Every structure is written in C-alpha cells, then in structure tokens.
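Report on one structure; see the data block that follows.
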Amino acid sequence: EMGTVTQALLTLWDDLLDPPGSNPIGGHQTISVDYTLFFLFFFITMLFFMVNFVLAIIVNSYTKVVEANERCDIEMNFLWDSYLGLKYGVSRLRYGWPSPATVRAFVAPL
C-alpha cells in the first residue's frame, strides 16, 4: 500500500531488506524503535559514505587538472597570453615572419 508518503517509504524499506512482506512494516502494524533506529543509522551512514566517495572522485580529478595546468608552459593567464599574441603580431610585421598557416604548411610534409 502506498496511500501516504510514510506508507510508501515503509514499503521501500520492506522491499530493500528482505523479501517483500516479511518485515512487520507493510500494513498497519507498529514499528519498533530498534527497527527505526537501524534504518536511520544505516541510511545516514550509507549517504555519508556515498557523498564522500563522490567528493573524493571529483576532488581527485580536479587536483589532477590543476596540476597539469600548472606544469603546462603554454597555459598562462589571459593578460600574458594577450600580450604575447600582440607582440608576435608586431614582430611578424616588423621582421617579415611568415604566417602560422604558412609555417604549418611548410612543416606538415616533414
């Protein structure tokens, strides 16, 4: 029976732990305090562990990405990258350097 939220949750507990109908929580029977405390501690503990596992995975992945970015010589901050881009453009015009597309076309067959 799932007429109320409480009855639906009790049916869920009953289905998760044992074969349906074997625990005394399905109908209008009373629930013992021990049974309720067990469920509360069990699900709070499982929630705690699952959240910790997910956070550990996310933090570990984030740490790896940050370390890779710190080791990367190409990745700079936006202002420095903009400055170097402008400096390259000015140097290219001033010294007659070829465009990046021309360099790529020249190097590709090698």
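The values are calculated or read from the model by the stated rules, or taken from the named source; none is laboratory data. Predicted, not measured: the structure shown is a model, and the values here were computed from it. Reconstructed Cβ throughout: ideal geometry from the backbone, glycine too, with neighbour counts over all protein chains shown. The area values use the complete protein model at the heavy-atom level, side chains included, leaving out ligands, DNA and RNA. Shrake-Rupley method; radii C 1.70, N 1.55, O 1.52, S 1.80 Å.
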When residues of segment 94-110 are limited to those that are surrounded by 10 or more Cβ atoms within 10 Å (Cβ to Cβ) and in a helix (DSSP H, G or I), the one modelled with the lowest pLDDT:
P100
Residue count for segment 57-68, restricted to those that are acidic (D, E) and open to solvent by 100 Å² or more (accessible area, probe 1.4 Å):
0
Return yes when L37 is assigned to a helix (DSSP H, G or I), surrounded by 10 or more Cβ atoms within 10 Å (Cβ to Cβ) and modelled with pLDDT under 90 and no when it is not.
yes
Quick one: is R71 among the basic types (K, R), at pLDDT 90 or above and open to solvent by 60 Å² or more (accessible area, probe 1.4 Å)?
no
Determine whether D81 is modelled with pLDDT under 90 and surrounded by 10 or more Cβ atoms within 10 Å (Cβ to Cβ).
yes
For segment 46-56, does any single residue satisfy the condition of being surrounded by 10 or more Cβ atoms within 10 Å (Cβ to Cβ) and more than 30 Å from D14 (Cβ to Cβ)?
yes
